[in-house]
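**Student:** Okay, here's the structure, questions in a sec.
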Amino acid sequence: MINFGDHSIQVTTVMTLEQLRTFLWVARLGGVRRAAEQMNISQPAVSSRIASLEEYLGTKLFARGATGVTLTKKGVLLRNHADQIAGLVERIKADVMAADSVSRLLRLGVAETVAQTWLPDFLTRLHQIYPKLKIEVSVDISLHLREQLLDRSLDLAILMGPVSEFTVDNIDMPPFKLDWYRPLDMEQPDLTKTPVITYNRNSRPHRELTRELQARYGSTAQIFPTNSLSTGVEMVAAGIGVGILPAALGQKMVQEKRIATFNPGWLPRPLHFTASYIGDPRDEQIAQAALIAREIGTEHARRLSEISPD
């Protein structure tokens, strides 16, 4: 019988991959509670695995403190070995495991620009390759997606990146070109007076556009931010203002003759997106999903350029 925190646990002398995996999550996150949340198991289950591992190895791996647990010297040594074992297991899964046998949950977060364009194609491709994969999709602004990824409540985030964090791997995606759109009856928009409809207030495009408009047209320039890009396009069609929006969204409504493009002499730079995921610890299946996202994004960008070569 071993006491680990508030729990008394009966242990057996055996070491398993699940014990090592649990040990790594506790070591990375600094506590049993956060490890349990990440692994979607109970805290007593985490404590039991750690206690069993310590019993098998005959040494304490963690020292408890006021703010959580820290590795002992032996724990640090074990982490080095466990990281190598975990990496090897991921390589085995990637190289040997049949795709149609992968049964897991993928927590996917996407920015609305992606959700409104090629997300359905991406989900279709994932289902074709991994038919047993369960996918949970969240659509949010990139700021929130970044926080959720770093908090490890998302496995993969497709957002305006990259995420500058040493634990995160970023796969570059094809950029989204922005364009100017106007109501059909507004042939010569005056950007010193006409509202400009664009991205959410807490986004990088909104910040950059605000700075550019004020520099070019003075303090009278107006920006109407929106949390919904599809709503923004409809606002332009309704005559509320002009829009600086992704060409991938505006092009269809131009073809339907509901809005028109115009050229004030300048364009904001294209939006840079990444497929970002936690690279430490590396999950080969998540990494593969990021590469599939890049393939789908590239195919979409190619089709768009064929329709509108400008």
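**Student:** Quick one: is PRO120 at pLDDT 90 or above, under 28 Å from LEU229 (Cα atoms), open to solvent by 50 Å² or more (accessible area, probe 1.4 Å) and part of a helix (DSSP H, G or I)? Give the derivation first.
**Tutor:** On the way: at pLDDT 90 or above: yes; under 28 Å from LEU229 (Cα atoms): yes; open to solvent by 50 Å² or more (accessible area, probe 1.4 Å): yes; part of a helix (DSSP H, G or I): yes.
In short, yes.
**Student:** What are the residues in region 144-193 that are open to solvent by 70 Å² or more (accessible area, probe 1.4 Å) and in a strand (DSSP E or B), if any?
**Tutor:** Matches in region 144-193: ASP172 only.
**Student:** Further, regarding this structure: State all residues of region 33-60 that are within 14 Å of ARG21 (Cβ to Cβ) and more than 33 Å from the chain's Cα centre (by Cα); if no residue qualifies, say none.
**Tutor:** Across region 33-60, the qualifying residues are SER52, LEU53.
**Student:** Sticking with this structure for a sec: Go through region 266-282 and report how many residues are surrounded by fewer than 19 Cβ atoms within 10 Å (Cβ to Cβ) and of a type outside the set (A, V, I, L, M). Talk me through it step by step, then tell me what you get.
**Tutor:** To start, the set of residues in region 266-282 that are surrounded by fewer than 19 Cβ atoms within 10 Å (Cβ to Cβ) comprises 266-270, 272, 279-282.
Within this subset, residues satisfying the condition of being of a type outside the set (A, V, I, L, M) are 266, 268-270, 272, 279-282.
Residues that pass the stated criteria total 9.
**Student:** For LEU149, are the conditions met, namely being touching an Asp or Glu at 6+ places or on another chain (Cβ under 6 Å) and touching a residue at least 60 places away in the same chain (Cβ under 8 Å)?
**Tutor:** The answer is no for LEU149.
**Student:** Related question: Given the criterion more than 30 Å from SER203 (Cα to Cα) and in contact with a Gly (Cβ under 8 Å, 6 or more places away or on another chain), identify the matching residue among LEU78, LEU61, LEU20. Can you show your working first?
**Tutor:** Values: LEU78 fails: in contact with a Gly (Cβ under 8 Å, 6 or more places away or on another chain); LEU20 fails: in contact with a Gly (Cβ under 8 Å, 6 or more places away or on another chain).
Of LEU78, LEU61, LEU20, the one residue that is more than 30 Å from SER203 (Cα to Cα) and in contact with a Gly (Cβ under 8 Å, 6 or more places away or on another chain) is LEU61.
**Student:** Can you find a residue in region 41-59 that is part of a helix (DSSP H, G or I), modelled with pLDDT under 90, out of contact with any Lys or Arg (no Cβ under 7 Å at 6 or more places or on another chain) and surrounded by 17 or more Cβ atoms within 10 Å (Cβ to Cβ)?
**Tutor:** Within region 41-59, not a single residue is part of a helix (DSSP H, G or I), modelled with pLDDT under 90, out of contact with any Lys or Arg (no Cβ under 7 Å at 6 or more places or on another chain) and surrounded by 17 or more Cβ atoms within 10 Å (Cβ to Cβ).
**Student:** Let me ask you something else. So VAL114 fits all but one of (1) at pLDDT 90 or above; (2) open to solvent by 30 Å² or more (accessible area, probe 1.4 Å); (3) aliphatic (A, V, I, L, M); what number is the exception?
**Tutor:** (2)
**Student:** Any residue in region 116-136 that is free of Cβ contacts under 8 Å to residues at least 12 places away in the same chain sitting within a Cβ distance under 9 Å of a residue that is surrounded by fewer than 18 Cβ atoms within 10 Å (Cβ to Cβ)? List the pairs, counting only those 6 or more apart or interchain.
**Tutor:** If the second residue must be surrounded by fewer than 18 Cβ atoms within 10 Å (Cβ to Cβ), the pairs left are HIS127/ILE135.
**Student:** Please work out if ALA82 is more than 30 Å from ASN227 (Cα to Cα), over 13 Å from the mean Cα position of the chain (by Cα), open to solvent by less than 70 Å² (accessible area, probe 1.4 Å) and among the small types (Gly, Ala, Ser). Walk me through how you get there before you give the answer.
**Tutor:** Working: more than 30 Å from ASN227 (Cα to Cα): yes; over 13 Å from the mean Cα position of the chain (by Cα): yes; open to solvent by less than 70 Å² (accessible area, probe 1.4 Å): yes; among the small types (Gly, Ala, Ser): yes.
Answer is yes for this residue.
**Student:** Would you please name the residue that is nearest to MET160 (Cα to Cα), looking only at residues in region 197-222 that are open to solvent by 60 Å² or more (accessible area, probe 1.4 Å) and assigned to a helix (DSSP H, G or I)?
**Tutor:** Among residues in region 197-222 that are open to solvent by 60 Å² or more (accessible area, probe 1.4 Å) and assigned to a helix (DSSP H, G or I), the one nearest to MET160 (Cα to Cα) is ARG204.
**Student:** Do any strands (runs of 3 or more DSSP E) entirely within region 223-310 hold 1 or more residues that are within 30 Å of ALA86 (Cβ to Cβ) and at pLDDT 95 or above, and if so, which?
**Tutor:** Details: elements: 223-225, 242-246, 259-261, 273-278.
Of the strands (runs of 3 or more DSSP E) lying wholly inside region 223-310, those with at least 1 residues that are within 30 Å of ALA86 (Cβ to Cβ) and at pLDDT 95 or above span 273-278.
**Student:** Residues ALA301, ALA237, ALA293, ALA248: which one is surrounded by fewer than 20 Cβ atoms within 10 Å (Cβ to Cβ) and under 23 Å from the mean Cα position of the chain (by Cα)? Please lay out each step first, then the result.
**Tutor:** Working: ALA237 fails: under 23 Å from the mean Cα position of the chain (by Cα); ALA293 fails: surrounded by fewer than 20 Cβ atoms within 10 Å (Cβ to Cβ); ALA248 fails: surrounded by fewer than 20 Cβ atoms within 10 Å (Cβ to Cβ).
Residue meeting the stated conditions: ALA301.
**Student:** Tell me, which residue of region 124-143 that is surrounded by fewer than 17 Cβ atoms within 10 Å (Cβ to Cβ) and not β-branched (Val, Ile, Thr) is farthest from SER103 (Cα to Cα)?
**Tutor:** Here the residue is LEU143.
**Student:** Moving on to the next point. Can you name every residue in region 187-220 that is of a type in the set (A, V, I, L, M) and either within 25 Å of HIS144 (Cβ to Cβ) or in contact with a strand residue (DSSP E or B) (Cβ under 7 Å, 6 or more places away or on another chain) (or both)?
**Tutor:** Selection gives VAL196, ILE197, LEU209, LEU213.
The values are calculated or read from the model by the stated rules, or taken from the named source; none is laboratory data. In this text the structure is predicted, and so the values were computed from the model without any measurement. Reconstructed Cβ throughout: ideal geometry from the backbone, glycine too, with neighbour counts over all protein chains shown. Each accessible area value is taken on the protein alone, full model and side chains, heavy atoms only, with ligands, DNA and RNA left out. Shrake-Rupley method; radii C 1.70, N 1.55, O 1.52, S 1.80 Å.
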